[in-house]
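One structure below.
The values are calculated or read from the model by the stated rules, or taken from the named source; none is laboratory data. For clarity, every value in this text was computed on a predicted model and none was experimentally measured. Heads up, the Cβs are rebuilt from the backbone with ideal geometry, glycines too, and the neighbour counts pull from every protein chain shown. Just the protein is used for accessible areas: all its heavy atoms, side chains included, with ligands, DNA and RNA removed. Shrake-Rupley method; radii C 1.70, N 1.55, O 1.52, S 1.80 Å.
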Amino acid sequence: MTEFETELEIFRKEEESAQQFFFSYLSVRSSAAGDPDILRKLNENALFWITAHHSMLVATFVTLGRIFDQDSKHNIDRLMGVVARDLSIFSLRALQTRKEASQITAAEAAQYVVGKHALSADDVKRLRKQINVRRRIYEDRYRDIRHKVFAHKATADIAEVSSMFAKTNIEEMKSLFGFLHSVHEGLWEAFHNGRRPDVKPFQFTLPSEPPPRYKSLAPGERTFREGYAVLRSMLPKATEDAITE
């Protein structure tokens with residue numbers, strides 16, 4: 001495994017974990033807000049659910065910090081540094097070699113790379129520019145929450161904490177996680193399939209109903225649905241049947 005593949009896999013685990021924590025938090029939040037029967041059930045064991053819900057939010061911000069903070073051992077900058085340091089691994093020749101190693105013939109591998117894209121320095125520059133836009137969002141509105149509220153002993157008073165949370169936005173956070181997911185997918189496709197990275201933020205869809213059979217869900221989407229299913233399963237059968245009718 002190349003250094004790039006190692007860093008990309010570390011990044012995948014981080015961004016997917018952050019998704020799972022965040023959308024688990026959203027599933028509890030939205031289910032409780034939208035269904036009085038679920039809220040009533042949560043209140044029967046309120047301390048547990050308050051603790052679990054808070055833990056999901058803490059984990060979200062701590063993981064987000066590991067992705068963006070420059071002092072983290074493995075972060076998005078480390079990943080992009082490895083990409084920029086050796087673009088030869090993204091060449092069409094290197095792609096052809098990888099395809100040959102996947103047990104297709106040399107002729108098939110040569111045909112496969114025709115018209116494919118080799119990641120370039122311009123691609124890396126464009127990716128870094130888009131990453132910097134998201135880093136500024138993180139630093140302006142989310143870093144202080146991570147550092148002053150969750151990662152260390154609280155160093156902010158109630159008024160300051162309230163002010164920090166007032167700057168946050170659920171849709172903005174969805175877009176942030178969608179972007180990180182697209183960075184992973186774009187670099188994976190560039191390396192394995194010779195596709196030009198498109199890091200337009202992935203659009204999460206969060207309905208409570210099961211997805212179509214053909215749709216592959218992102219971890220955040222799966223977690224949201226599973227969270228809703230768990231909460232709904234706590235309801236008496238007659239109440240659950242009424243919800244689904």
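Some points to look at:
- Candidates Ala190, Ala151, Ala218, filtered to the one that is closer than 30 Å to Glu5 by Cα, open to solvent by less than 70 Å² (accessible area, probe 1.4 Å), under 22 Å from the mean Cα position of the chain (by Cα) and modelled with pLDDT under 85: Ala151
- When Ser27 is tested against (1) among the small types (Gly, Ala, Ser); (2) touching a Ser or Thr at 6+ places or on another chain (Cβ under 9 Å); (3) surrounded by fewer than 21 Cβ atoms within 10 Å (Cβ to Cβ), just one condition goes unmet, and that condition is (3).
- One residue stands out in region 98-133 among those that are acidic (Asp, Glu) and either open to solvent by 40 Å² or more (accessible area, probe 1.4 Å) or in contact with an Asp or Glu (Cβ under 7 Å, 6 or more places away or on another chain) (or both): the one that is farthest from His192 (Cα to Cα), namely Asp122.
- Any chance Arg136 is farther than 17 Å from Gly194 by Cβ, without any contact (Cβ under 8 Å) to a residue 12 or more places away in the chain and either open to solvent by 80 Å² or more (accessible area, probe 1.4 Å) or in a loop (DSSP other than H, G, I, E, B) (or both): yes
- Residue within region 58-73 that is open to solvent by 60 Å² or more (accessible area, probe 1.4 Å), of a type in the set (Lys, Arg), closer than 23 Å to Gly178 by Cα and touching a residue at least 60 places away in the same chain (Cβ under 8 Å) present: no
- Enumeration of residues in region 175-233 that are of a type in the set (S, T, N, Q), over 30 Å from Ala101 (Cα atoms) and free of Cβ contacts under 8 Å to residues at least 12 places away in the same chain: Ser233
- Enumerated helices (runs of 4 or more DSSP H) restricted to region 1-98, each holding at least 3 residues that are touching a Gly at 6+ places or on another chain (Cβ under 8 Å): 3-34
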